[in-house]
Structure formats: C-alpha cells, structure tokens
Amino acid sequence: MLGKIHSVETKALLSKAKLGIPLTELHKLKISDSRNKGIYVYTIDLSSQYLILYLTFKTSIEAMKFFNCSRRMISNYLDKNKLYKKQ
C-alpha cells in the first residue's frame with residue numbers, strides 16, 4: 001500500500017472515520033458496565049483444593065500495582081481465565 005494515491009472521496013471517508021462515531025448514552029453505559037466489574041483474586045487452599053477469595057480490585061491498574069506487572073499482562077490472564085502467580 002506504500003505510495004498508493006487515494007481519491008478525494010476516499011480521503012474524505014478516511015478523515016470522517018478517524019473522527020469516530022459519537023456514542024449514545026446506551027453505548028456509554030454498556031462500556032462502563034463492562035469496565036466496572038472488578039477483578040477478584042482467588043488463592044487455592046492446598047489442603048482442600050478450594051478457591052478462596054483473597055483480594056478484590058476495582059480496576060486493572062490497582063491489580064497491576066499489586067502484582068508489579070503490566071496492565072496488558074493482567075488483561076491477558078483475565079481473558080484466558082488463567083492463574084497468575086498461583087492466584
């Protein structure tokens with residue numbers, strides 16, 4: 001695509017797309033609901049093999065600071081539903 005020349009119409013569409021679509025109140029509510037679920041950290045009780053609620057974080061930034069890792073790493077573990085540092 002290097003050196004490709006766009007038409008005036010295409011340039012107008014690209015600039016319009018960069019501006020984005022204004023969000024409705026419903027969209028804003030859905031986004032805030034999905035972000036505000038919190039992060040629950042469980043630990044495994046070795047004797048009984050049950051999960052025990054250990055910590056709760058409101059945001060991934062709080063979890064990032066606690067575990068001393070990147071926010072992306074927290075997101076990856078949440079997406080894959082895997083344990084991080086055995087928690």
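Overview of values
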{"quantity": "Residue that is nearest to Val41 (Cα to Cα), among those in region 53-79 that are part of a helix (DSSP H, G or I) and of a type in the set (Gly, Ala, Ser)", "calculated": "Ala63"}
{"quantity": "Long-range neighbours under 7 Å by Cβ, at least six apart or interchain, first residue closer than 17 Å to Asp79 by Cβ within region 51-62, second among the hydroxyl-bearing types (Ser, Thr, Tyr)", "calculated": "Ser60/Ser75"}
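Here, each number is a calculation from the coordinates, and none is a lab measurement. Since the structure is predicted, the reported quantities are computational estimates derived from the model, not experimental observations. We place every Cβ from the backbone using ideal geometry, glycine too, and count neighbours over all the protein chains shown.
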